[in-house]
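The values are calculated or read from the model by the stated rules, or taken from the named source; none is laboratory data. Computed from a predicted model, the values in this text were never measured in an experiment. All Cβ positions, glycine included, derive from the backbone under ideal geometry; neighbour counts span all protein chains shown.
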Amino acid sequence: MRSWIPSILLVALALAGCSPKDVPTPSLESPNPTSYPDLGAAPELTNDTWLNTSGPLHLADLRGKVVLIDMWTFG
């Protein structure tokens, strides 16, 4: 009946050795906005070909919206 006690102790020691110690947690605070340089206004989008849109896009049409622009070329 005592044969399972060493097995339980071995498992407990193994689990204790696997526990995280002093793992740094990432900060959820935003970086200091003054640490980024001001590069001025974004240049206007001047493409000849637009995919998946009904017409050309302009920055004024996108103001106040979250926009992801994926730029690539055919090659």
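Just to be sure I understand, how many residues within region 51-75 are surrounded by 10 or more Cβ atoms within 10 Å (Cβ to Cβ) and on the phi > 0 side of the Ramachandran plot?
0
Going residue by residue through region 48-67, is there one that turns out to be of a type outside the set (D, E, K, R), more than 29 Å from the chain's Cα centre (by Cα) and modelled with pLDDT under 85?
yes
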